[in-house]
Amino acid sequence: MSSKKTFRTGEGHVLGDRTFAAITAVEGISLSNASRNRIQSMRKRQLSPAQQRDEVIRAFTEAKTRK
């Protein structure tokens, strides 16, 4: 059995809203109202990509602990 090595190059790539929407549409995934509201709020507050990522992670972490 062979193992694959993965290498991290750079910081990655952040998808734009339209690209993300197109990919999720193909996959049959849709955003919840809470997610739409969160995105709208982040846009208004003009958060940096790092701040947006932190907010999304926090929202999903909180959602998991509520179950």
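The values are calculated or read from the model by the stated rules, or taken from the named source; none is laboratory data. All of these numbers come straight from a predicted model, not from anything done at the bench. Note that each Cβ is placed from the backbone with ideal geometry, even for glycine, and that neighbours are counted across all protein chains shown.
Here are the numbers for the structure shown:
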read-out	value
Subset of segment 39-60 (residues that are surrounded by 12 or more Cβ atoms within 10 Å (Cβ to Cβ), under 13 Å from Asp17 (Cβ atoms) and among the charged types (D, E, K, R))	none
So Thr6, is it under 14 Å from the mean Cα position of the chain (by Cα) and either of a type in the set (Ser, Thr, Tyr) or at pLDDT 80 or above (or both)	no
Residue in segment 28-36 that is outside any helix (DSSP H, G or I), loosely packed, with under 10 Cβ neighbours inside 10 Å and modelled with pLDDT of 80 or more present	yes
